[in-house]
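The values are calculated or read from the model by the stated rules, or taken from the named source; none is laboratory data. Keep in mind that what you see is a predicted model, and the values were worked out from it rather than measured. Here the Cβ is made from the backbone with ideal geometry for all residues, glycine too, and neighbour counts use every protein chain on show.
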Amino acid sequence: MSTLSEPPVVAVKPAEPAAAQRLMSVDALRGFDMFWIIGADSLVAALHRMSQNRPTQLLANQLSHAEWEGFHFYDLIFPLFVFISGVSLVFSLRKAVEAAGPAAAFWRVLRRGVLLFLVGILYSGGFTSEWPDMRLMGVLNRIALAYTFAGLLFCVFKPRTLAAVLFGILIGYWALMSFVPIRDIQLTKGGLAQAAEKAGDPTTAALFQEGGNPSTVKNSPMWAAAEKVYYATTNTVTGKFGPGYNLSDHADFRCLPGKKYDQFYDPEGIVSTLPAIATCLLGVFAGLLLRNSNVPDTRKLAHLVGWGLAAVALGWIWDAVQFPVIKKIWTSSYVLVAGGYSALLLAGFYFVVDMCKMRAWCQPFVWMGMNSITIYLASNLLGSFRRPAARFVGGDIRRFFEEHVALGAGDMVISIVGLLLAFWFVRFLYNRKIFLRL
């Protein structure tokens, strides 16, 4: 719900230590992350249309997700937000514990987690369609679960225990994905059709040639056929990490109700949410470091950079040895790579914004970062800010730029106006001290 902040009050209490105050760098980094989520990628796409060369091709490639294995810049956007959630909860929950005790902080985490999970369901369509065309696990839902479990762990355990939990999640998830046997079948339409053909059942195989998402259709013949082929497969394998051919995707097929984003499984599924908690815990450790007033800023910066580089290196080594970096099943190696890059970005923002006090350039990101959920929901309800932007510079205006400037220039103008509208919106909320509090 939206709340209005109280008017500024003349300070009558001793000032809090600098490390305990809200860090502008964290809000700015969160806003920078949201900048890409709500449409900055469309700027790059339009630029590539205007001038197709190697640099723009590289940028366009980085602003799209890796098809399966590998890592692009766009694969950092989601885990970066989860990481920042971990950083932020250290500051908010420490204040809650100091003000009202651990029990109050515990219930605050639960309440926020449940509300955010429900908002996530509404974001994905809510009750627009009939069951089972209703997605229960999405981006906001994963953020809610990661925040809730990391927050509860933070309220209960000391840092050493949290480190053991983090290590246990990464190793445990790797062990589950590597050594728990799954049925020797790929849960894609092509893989299921091939299995049916191999079993001498062309009628069932033909069902997988149809379009649509069978998980959204009540009593779907294709879903029934998928279950028939799946449970008829008796051979098992281990250590598989392909699309629809791994423990996480098979668990979604069997256990996740409702709509699956990838037809038979979901990239924000049940089992793969476990390592997302580890991503949030990495942010918790960064938050503990930044909040520690006994550590000089230069050492904080050095620790963030050192941890970031070490995590990235370990993640890519793990990728090369056995457990590939894959966003869609949030592998442990992906946690380390994304967490390492997140720490490096946080170090950069902390150095420039909070240490060097160079803040004018990042103020728009601060507006967006302090209302990140609001802008995310607004973009969803509008169908992106490009839609209202097209009312100002679409139609003949867009065609003029396309025909007289360059192919793609019209889309570039629409993207720029859309982002300006988004920044105007969050500035409006910020100036009136309106923030979404879940």
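For the stretch 158-179, state whether one or more residues are more than 30 Å from residue 318 (Cβ to Cβ), out of contact with any Ser or Thr (no Cβ under 6 Å at 6 or more places or on another chain) and either surrounded by fewer than 18 Cβ atoms within 10 Å (Cβ to Cβ) or at pLDDT below 95 (or both). Before the answer, list the steps.
Residues of the stretch 158-179 that are more than 30 Å from residue 318 (Cβ to Cβ), as a first pass: none.
No, the stretch 158-179 has no match at all.
Inspect all residues belonging to the stretch 122-138 and state whether any of them is more than 19 Å from residue 276 (Cα to Cα), at pLDDT below 95, within 16 Å of the chain's Cα centre (by Cα) and assigned to a helix (DSSP H, G or I).
Looking through the stretch 122-138, at least one residue is more than 19 Å from residue 276 (Cα to Cα), at pLDDT below 95, within 16 Å of the chain's Cα centre (by Cα) and assigned to a helix (DSSP H, G or I).
If you go through the stretch 320-335, how many residues are closer than 18 Å to residue 168 by Cα, in contact with an Asp or Glu (Cβ under 9 Å, 6 or more places away or on another chain) and of a type outside the set (S, T, N, Q)?
3
Give, as residue ranges, the helices (runs of 4 or more DSSP H) completely inside the stretch 287-382 that count at least 3 residues that are aliphatic (A, V, I, L, M), within 19 Å of the chain's Cα centre (by Cα) and farther than 30 Å from residue 246 by Cβ. Explain how you work it out, then say what you get.
Working: elements: 297-321, 332-349, 363-369, 372-382.
Answer list for the stretch 287-382: 372-382.
Has the stretch 93-115 got any residue that is under 15 Å from residue 261 (Cα atoms), of a type in the set (Phe, Trp, Tyr) and surrounded by 16 or more Cβ atoms within 10 Å (Cβ to Cβ)?
Initially, the stretch 93-115 is screened for residues under 15 Å from residue 261 (Cα atoms), giving none.
Looking through the stretch 93-115, none of the residues is under 15 Å from residue 261 (Cα atoms), of a type in the set (Phe, Trp, Tyr) and surrounded by 16 or more Cβ atoms within 10 Å (Cβ to Cβ).
Considering only the stretch 156-169, I want to know if a residue exists there that is without any contact (Cβ under 8 Å) to a residue 40 or more places away in the chain, of a type in the set (Gly, Ala, Ser) and not in a helix (DSSP H, G or I).
No, there is no match, as no residue in the stretch 156-169 is without any contact (Cβ under 8 Å) to a residue 40 or more places away in the chain, of a type in the set (Gly, Ala, Ser) and not in a helix (DSSP H, G or I).
Does any residue of the stretch 50-66 turn out to be part of a helix (DSSP H, G or I), in contact (Cβ under 8 Å) with a residue 24 or more places away in the chain and of a type outside the set (Val, Ile, Thr)?
Pass one, the stretch 50-66, residues part of a helix (DSSP H, G or I): 50, 54-62.
Among the residues that remain, those that are also in contact (Cβ under 8 Å) with a residue 24 or more places away in the chain are: 50.
Subsequent filtering for residues that are of a type outside the set (Val, Ile, Thr) retains 50.
Yes.
Which residues, counting only those in the stretch 127-155, are surrounded by fewer than 22 Cβ atoms within 10 Å (Cβ to Cβ), out of contact with any Pro (no Cβ under 8 Å at 6 or more places or on another chain) and closer than 19 Å to residue 287 by Cβ?
Hits for the stretch 127-155 are 148, 149, 152, 153.
Within the stretch 215-251, can you find the residues that are under 22 Å from residue 198 (Cβ atoms), surrounded by 20 or more Cβ atoms within 10 Å (Cβ to Cβ) and in contact with a Pro (Cβ under 8 Å, 6 or more places away or on another chain)?
Hits for the stretch 215-251 are 222, 223, 226, 249.
Please name all residue pairs, on different chains or six or more residues apart, with Cβ atoms under 9 Å, provided the first residue is in the stretch 33-48 and is hydroxyl-bearing (Ser, Thr, Tyr) and the second residue is modelled with pLDDT of 90 or more and assigned to a helix (DSSP H, G or I).
42/386; 42/411; 42/412; 42/414; 42/415; 42/418; 42/419
Please state which of the following conditions residue 399 fails to meet, knowing it meets all the rest: (1) among the basic types (Lys, Arg); (2) over 26 Å from residue 427 (Cβ atoms); (3) under 25 Å from the mean Cα position of the chain (by Cα).
So residue 399 meets the others, but not (3).
Output the number of residues of the stretch 180-202 satisfying the condition of being surrounded by fewer than 16 Cβ atoms within 10 Å (Cβ to Cβ) and without any contact (Cβ under 8 Å) to a residue 60 or more places away in the chain.
Initially, the stretch 180-202 is screened for residues surrounded by fewer than 16 Cβ atoms within 10 Å (Cβ to Cβ), giving 180-181, 184, 190, 197-200, 202.
From the residues that got through so far, the ones that are without any contact (Cβ under 8 Å) to a residue 60 or more places away in the chain too are 181, 184, 190, 197-200, 202.
Residues that pass the stated criteria total 8.
Within the stretch 422-437, can you find the residues that are of a type outside the set (Val, Ile, Thr) and out of contact with any helix residue (DSSP H, G or I) (no Cβ under 6 Å at 6 or more places or on another chain)?
If we filter the stretch 422-437 for residues that are of a type outside the set (Val, Ile, Thr), which is where we start, we get 422-425, 427-433, 435-437.
Of everything in the stretch 422-437, those that are of a type outside the set (Val, Ile, Thr) and out of contact with any helix residue (DSSP H, G or I) (no Cβ under 6 Å at 6 or more places or on another chain) turn out to be 424, 425, 428, 429, 431, 432, 433, 435, 437.
Within the stretch 233-252, which residues are over 15 Å from residue 330 (Cα atoms) and in contact with a Phe, Trp or Tyr (Cβ under 7 Å, 6 or more places away or on another chain)?
Residue satisfying the conditions is 238 alone.
Give the residue that is farthest from residue 46 (Cα to Cα), with candidates limited to residues of the stretch 381-430 that are basic (Lys, Arg) and free of Cβ contacts under 8 Å to residues at least 40 places away in the same chain. Break it down stepwise before answering.
Step one: list which residues in the stretch 381-430 are basic (Lys, Arg), which gives 386-387, 391, 398-399, 427.
Now drop any that are not free of Cβ contacts under 8 Å to residues at least 40 places away in the same chain, which leaves 387, 391, 398-399.
On the way: 387: 16, 391: 18, 398: 12, 399: 14 Å.
Per the stated criteria, the residue is 391.
Restricting to the stretch 70-79, count the residues that are buried (at least 16 other Cβ atoms within 10 Å of the Cβ) and closer than 15 Å to residue 333 by Cα.
4
Please indicate, with yes or no, whether at least one residue in the stretch 369-382 is over 22 Å from residue 144 (Cα atoms), in contact with a helix residue (DSSP H, G or I) (Cβ under 8 Å, 6 or more places away or on another chain) and at pLDDT below 95. Working first, answer last.
The initial filter retains those residues of the stretch 369-382 that are over 22 Å from residue 144 (Cα atoms), namely 382.
Pick out the ones that are also in contact with a helix residue (DSSP H, G or I) (Cβ under 8 Å, 6 or more places away or on another chain) and you get 382.
After this cut, where a residue has to be at pLDDT below 95 as well, the list is 382.
Yes, because at least one residue in the stretch 369-382 is over 22 Å from residue 144 (Cα atoms), in contact with a helix residue (DSSP H, G or I) (Cβ under 8 Å, 6 or more places away or on another chain) and at pLDDT below 95.
Taking residue 438, is it assigned to a loop (DSSP other than H, G, I, E, B), at pLDDT below 95, touching a Leu at 6+ places or on another chain (Cβ under 8 Å) and not hydroxyl-bearing (Ser, Thr, Tyr)?
Values: assigned to a loop (DSSP other than H, G, I, E, B): yes; at pLDDT below 95: yes; touching a Leu at 6+ places or on another chain (Cβ under 8 Å): yes; not hydroxyl-bearing (Ser, Thr, Tyr): yes.
When the stated conditions are applied, residue 438 passes them.
Quick check on residue 50: is it modelled with pLDDT of 95 or more and either of a type in the set (A, V, I, L, M) or over 14 Å from the mean Cα position of the chain (by Cα) (or both)?
No: the conditions fail for residue 50.
Take the conditions closer than 23 Å to residue 117 by Cα and either charged (D, E, K, R) or buried (at least 23 other Cβ atoms within 10 Å of the Cβ) (or both) and apply them to residue 265. Does it pass? Please lay out each step first, then the result.
Details: closer than 23 Å to residue 117 by Cα: yes; either charged (D, E, K, R) or buried (at least 23 other Cβ atoms within 10 Å of the Cβ) (or both): yes.
Criteria met by residue 265.
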